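Worksheet: one structure, shown below.
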Amino acid sequence: MAIYHSGTRSQGSPLNLRCSGLLLWSLLLIAPVLQAQHRDRALEDSLRQLVEGFRGDVGVYVRHLPSGRTARLRADERFPTASLIKVPIMVALFDRIERGELSYRQKLVYRDSLYYPGEDVLGSFKDGEEVTLSKLVLLMITMSDNTAALWCQQLAGGGAAINAFLASMGYHHTRVNSRTPGREQAWERYGWGQTSPREIAELLVQIYEGDLVSPAASEEMYRRLTASYWTDEALSQIPPYIQTASKQGAVEDSRSEVVLVQAPHGPYVFSVITRNQVDTSWGYTNEGFTLIRRISRMLWHYFEPGIPYTPPSGMEKYRK
């Protein structure tokens, strides 16, 4: 089975990401993405058919890395991130680790004041218990633990510092809004964070290719992204023996997922984000969840037609 690796990852050359935002946008984001890239109109037509009749707004971005084929539906519009914002938080946190301001294995003391109501693992800790920063990252990405994520946001310097870091890398749409002075109106509209389908997908690609913070930091971030607990939607439509890196997000009127699939004929990345959903239910049949599954299934069969996959019967008992 041939696995595609980009030249950037194989060379492992370090990249200084702290120069001007305009230069980085040109050199790191636009140029690699646009090189040999072309719109796949047949794929876009298939995506339009899948989203037709959806009660809400849908943004989709797809890129097949080795061929440069892309498909875009509202890919450059702003959408709520929900928990997708945890990926940019992680990147900014690793930048501080790389600069020696934090240690990945340092022990931290949990305080009840950090608690965010919900079903989080970290929220079950007792006041005064110790936890390593590496485990906070694991909880934030693997379990999508909100208490861990808010703590990581704080450790990364807060929303304003994270947003400045994102701007320095040329990301115009991806921002943290929650608990960030001056972004109250954006928080009212988008919630915790905002992004575009293209930006969140290309952020994942840059992690995969070793281009964010450092090759070593990118590799550790990528490893964390390959172990998601949340497999009910996009990941459920991809064979379990295929490696995926992903992050999921959901609030009442928005469902989202970004995935990089290590397919046999080369990796592809895709993101699906909804907003203004009429269906705000939380069950397996929610229209947003259902759409994400349908798009993921279609993309797998589109890029890997010789490897058909259908989830086995009986899987419903293991879903939400």
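Quick notes on this structure:
- Within segment 176-193, the set of residues being within 16 Å of K86 (Cα to Cα) and surrounded by fewer than 23 Cβ atoms within 10 Å (Cβ to Cβ) comprises S178, R179, T180, W187, G191.
- Verdict on T81 being surrounded by 23 or more Cβ atoms within 10 Å (Cβ to Cβ) and within 30 Å of T280 (Cα to Cα): yes
- Single condition S113 does not satisfy, out of (1) in a loop (DSSP other than H, G, I, E, B); (2) modelled with pLDDT under 95; (3) out of contact with any helix residue (DSSP H, G or I) (no Cβ under 7 Å at 6 or more places or on another chain): (1)
- Residues (free of Cβ contacts under 8 Å to residues at least 40 places away in the same chain, surrounded by 15 or more Cβ atoms within 10 Å (Cβ to Cβ) and not in a helix (DSSP H, G or I)) located in segment 273-308: N286
- Considering each residue of segment 153-167 in turn, at least one proves to be over 29 Å from E77 (Cβ atoms) and surrounded by fewer than 23 Cβ atoms within 10 Å (Cβ to Cβ).
- The single condition from (1) in contact with a strand residue (DSSP E or B) (Cβ under 7 Å, 6 or more places away or on another chain); (2) without any contact (Cβ under 8 Å) to a residue 40 or more places away in the chain; (3) of a type outside the set (V, I, T); (4) part of a helix (DSSP H, G or I) that G128 fails is (4).
- Matching residues in segment 234-246 - criterion: being under 11 Å from V259 (Cα atoms) and not hydroxyl-bearing (S, T, Y): A234, L235, I238, Q243, A245
- Test: E252 is under 16 Å from T142 (Cβ atoms), of a type in the set (D, E) and either touching a residue at least 24 places away in the same chain (Cβ under 8 Å) or crowded, with 22+ Cβ neighbours inside 10 Å (or both): no
- On the stretch given as segment 197-244, residues that are in contact with a Gly (Cβ under 7 Å, 6 or more places away or on another chain) and polar (S, T, N, Q) total 1.
- Within segment 52-102, the set of residues being small (G, A, S), on the phi < 0 side of the Ramachandran plot and outside any helix (DSSP H, G or I) comprises G59, S67, A71, A75.
- The single condition from (1) modelled with pLDDT under 95; (2) not in a helix (DSSP H, G or I) that S26 fails is (2).
- Matching option when the condition is buried (at least 16 other Cβ atoms within 10 Å of the Cβ) and either under 22 Å from L212 (Cα atoms) or touching a Cys at 6+ places or on another chain (Cβ under 8 Å) (or both), among V58, V131, V51, V91: V91
Here is a yes/no grid of residues against (1) polar (S, T, N, Q); (2) closer than 28 Å to V121 by Cα:
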position	(1), (2)
Q243	yes, yes
E257	no, yes
V261	no, yes
P267	no, no
G288	no, yes
R294	no, no
T310	yes, no
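- Close Cβ contacts (under 7 Å, 6 or more residues apart or on different chains) running from residues in segment 216-240 that are under 30 Å from K317 (Cα atoms) and free of Cβ contacts under 8 Å to residues at least 40 places away in the same chain to residues that are of a type in the set (F, W, Y) and part of a helix (DSSP H, G or I) comprise Y222/Y208.
- Among the residues making up segment 196-229, those that are crowded, with 19+ Cβ neighbours inside 10 Å and outside any helix (DSSP H, G or I) are S196, E209, G210, D211, L212, V213, S214, S228.
- Test: residue in segment 245-255 that is over 22 Å from E316 (Cα atoms), hydroxyl-bearing (S, T, Y), in a helix (DSSP H, G or I) and under 16 Å from the mean Cα position of the chain (by Cα): no
- Restricted to segment 230-242, and to residues there that are part of a loop (DSSP other than H, G, I, E, B) and out of contact with any strand residue (DSSP E or B) (no Cβ under 8 Å at 6 or more places or on another chain), the residue that is surrounded by the fewest Cβ atoms within 10 Å (Cβ to Cβ) is Y241.
The values are calculated or read from the model by the stated rules, or taken from the named source; none is laboratory data. Keep in mind it's a predicted model, so treat the numbers as computed, not measured. Counting neighbours? That spans all protein chains shown, and the Cβs are built from the backbone with ideal geometry, glycine included.
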